[in-house]
Protein chains: 2
Amino acid sequence: MTIRQDIHNSEIPALCRSCEARHRGVCGALTTDQLVELSRHTTKRKVDPGTVLVSDADTIDSYANVLAGVVKLTKTLPDGRQQIVGLQFAPDFLGRPFKHESSITAEAATPVRVCAFPKKSLDRMIEQAPELSHRLHLQALNELDEARDWMLMLGRKTASERVASFLHLIARHSDPEAEISGEISFDLPLTRADIADFLGLTIETVSRQLTKLRKDGLIAVENNRHITVFDVARLERRANV
Amino acid sequence: MTIRQDIHNSEIPALCRSCEARHRGVCGALTTDQLVELSRHTTKRKVDPGTVLVSDADTIDSYANVLAGVVKLTKTLPDGRQQIVGLQFAPDFLGRPFKHESSITAEAATPVRVCAFPKKSLDRMIEQAPELSHRLHLQALNELDEARDWMLMLGRKTASERVASFLHLIARHSDPEAEISGEISFDLPLTRADIADFLGLTIETVSRQLTKLRKDGLIAVENNRHITVFDVARLERRANV
DNA sequence: CGGCGTTTTTGATCCAGGTCAAGGTGTTGC
DNA sequence: GCAACACCTTGACCTGGATCAAAAACGCCG
């Protein structure tokens, strides 16, 4: 008990408090025993933008929680055309349960902190902890819903609707509680190239659409990264959400 | 025991044998008790193409197994632009666990047989049968993988690659065991309009690309629906899978 | 079989967004 | 402070696929 308490008061809580934000992490679904076991194999890492966390060539042997930053999931055609197929924000879970190879590359889009643990240990725990399994199921369904919204965007929206949709997505993520109509500021977690790969456009088109939004007085841009949206509701209308 | 055996030999087995094909159905994960309970509220339906099974306006109060045919999941923008975001083949499970409203419309693309049961009953069983929950989790992950392949297609592939990808998808589905290189025939489960909504194109472009494939000697088309692919490997190369 | 609505194909034209090519703007290190 | 580099914007032009219009093929029913 003292030992457990010890661990619980030193390493694990820090790990878990961040995992637990917004109740989408993994740790809160585990018993103290499992946490102790897991923490033995856990490694926290801080990685720079551009670092590849999982390559589509690899076999997957670890999972991770995103503690801070944004991870982009990409797919690439043989000739280099690329598409971002998912964005993982803290505290999302990173990994593909029940499968040993990935067809997806995961790469840090911003400076990222992750907390990684071996697939084996967690897979064992999934079987024992229905609550954990349920959370992972929920995240999968959630990602599926997002992917489908995104498919509508990729298949049917115009360039200007796409860029507005993207800004709206980031705005909502940066402050989920924000007023529907009103002003909101945030830093873009992606470069223009990433935004283009996200939206299925080129960087030139993204840039032109941002310029248009700026000239229309809907947003302000500082240092290419910091965005202020003056009227979220109007942006949303442009996005055709 | 006799009663159970009775039921098991009359209604349920028929239902389950179809559900169970390719091990993606729901029934095989249930105990006999649960099957008996479920079968009390189960209704099989045969529906014509175009019938809406779930509307995005509705609240969801039932699940279903697709026993035969193809169901398309669509999203529509206010101005009518539409995108197919999922295709459910038999014996897929149809429904969104843990949520009471859908942002998606499910519509029969071909004549379809479904076996529907109330959400409530199954939700209760999910909690009691980890095996069932696990299967649904697997299907969700599977659909997520498919959605992401699809996003790459929608974001980055050309019209000709898209149409080839589509034919390849249907070919694989119609005979998963088929030779990689060789001939294969099948009926398209979708109209040109559906194919266009699937691929993010217009019907004219789909038609032109099919004509091109025909003129290139890669496929033959009879009655607008029956397709023969002469060289699956060559099609796959065109698709840039 | 022939008439009629629906679906598909084909053709002509147009335009949103891609491509190519400079030029700006920040950021980092010396 | 300024050189070097990475990133972003702007402009000119081009093209793949959309749009509009019409003809052809199919499917259904009397």
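The values are calculated or read from the model by the stated rules, or taken from the named source; none is laboratory data. Note that the structure is predicted; figures quoted are calculated from it, not measured. All Cβ positions, even for glycine, are placed from backbone atoms using ideal geometry, and neighbour counts span all protein chains on display. Side chains are part of the model used for accessible areas, which takes the heavy atoms of the whole protein and leaves out ligands, DNA and RNA. Shrake-Rupley method; radii C 1.70, N 1.55, O 1.52, S 1.80 Å.
Sequence-distant or interchain residues sharing an amide H contact under 5 Å with B:Ser62, placed H: which?
B:Lys119
Counting Lys and Arg as +1 and Asp and Glu as -1, each charge on the Cβ, what is the dipole of the range B:36-90 about the Cα centre in debye, to the nearest 20? Write out the running numbers ahead of the final one.
Numbers: 7 positive and 6 negative charges, 46 e Å.
The calculation lands at about 220 debye.
Can you check how the C-alpha radius of gyration of the protein assembly as shown compares to 2.2 N^0.38 Å, as a plain ratio? Let's see the in-between values first.
Working: Rg = 23.9 Å, N = 482, 2.2 N^0.38 = 23.0 Å.
It is 1.04.
From the P(r) of chain A, could you give the percentage of C-alpha pairs in the tail past 26 Å?
On the way: 12451 of 28920 pairs.
Of all Cα-Cα distances in chain A, 43 percent exceed 26 Å.
Taking H as built 1.01 Å from N, whose amide H comes closer than 5 Å to the amide H of B:Val85, not counting residues under 5 places away?
Under 5 Å from the amide H of B:Val85: B:Leu73, B:Thr74, B:Lys75.
Can you give me the distance in nm between label points at B:Asn224 and A:Asn142, each placed 7 Å from the Cα along the Cα-to-Cβ direction?
Using points 7 Å along Cα→Cβ, the separation is 4.5 nm.
Probe radius 1.4 Å, ligands and nucleic acids ignored: give me the carbon and sulfur share of the accessible area of chain B as a rounded percent.
Values: 5630 of 11350 Å².
C and S atoms contribute 50 percent here.
For the range A:154-239, restrict the atom set to alpha-carbon positions and state the Rg and Dmax in Å.
Calculated on Cα positions, Rg and Dmax stand at 11.7, 32 Å.
What list of ³J(HN,Hα) values in whole Hz, one per residue of the range B:45-53 in order, does the Karplus curve 6.51 cos²θ - 1.76 cosθ + 1.60 (θ = phi - 60°) give from phi, with Gly and Pro shown as x?
9, 10, 10, 7, x, x, 5, 8, 8
Please give the calculated 222 nm ellipticity per residue for the protein assembly as shown, where each DSSP H segment of at least 4 residues contributes -39500 (n - 2.57) and the sum is spread over every residue; nearest 500 deg cm²/dmol?
On the way: 17 runs with 217 residues, N = 482.
Dividing the helical sum by the residues of the protein assembly as shown leaves -14000 deg cm²/dmol.
Counting only C-alpha contacts under 8 Å and six or more residues apart, can you give the relative contact order of chain A as a whole percent?
Details: 393 pairs, mean separation 45.4, N = 241.
With pairs under 8 Å counted, the relative contact order is 19 percent.
Can you check what the net charge comes to around B:Ser133, using other residues whose Cβ is under 11 Å from the Cβ of B:Ser133 (Lys, Arg +1; Asp, Glu -1)? Intermediate values should be presented prior to the final figure.
Working: positive: B:Arg135; negative: B:Asp123, B:Glu127, B:Glu131.
In short, -2.
May I ask you to give the solvent-accessible area per residue for the range A:107-241, in square angstrom, as obtained with a 1.4 angstrom probe?
On the way: 6000 Å² over 135 residues.
Heavy-atom accessible area per residue stands at 44 Å².
Go through the range A:64-107 and flag every residue whose accessible area shrinks by 30 Å² or more with all protein chains in place compared to the isolated chain (probe 1.4 Å).
A:Lys75, A:Leu77, A:Arg81, A:Gln83, A:Val85, A:Arg96, A:Phe98
Show me you know the interface measure: the accessible area buried between B and A, both chains summed, probe 1.4 Å, in Å² to the nearest 100. Please report the intermediate quantities before stating the final value.
Details: alone 13270 and 13210 Å², together 22650 Å².
So the total buried area for this chain pair works out to about 3800 Å².
Along the range B:94-103, what does the Karplus equation 6.51 cos²θ - 1.76 cosθ + 1.60 (θ = phi - 60°) give for ³J(HN,Hα), rounded to whole Hz, x for Gly and Pro?
10, x, 10, x, 6, 7, 10, 9, 10, 9
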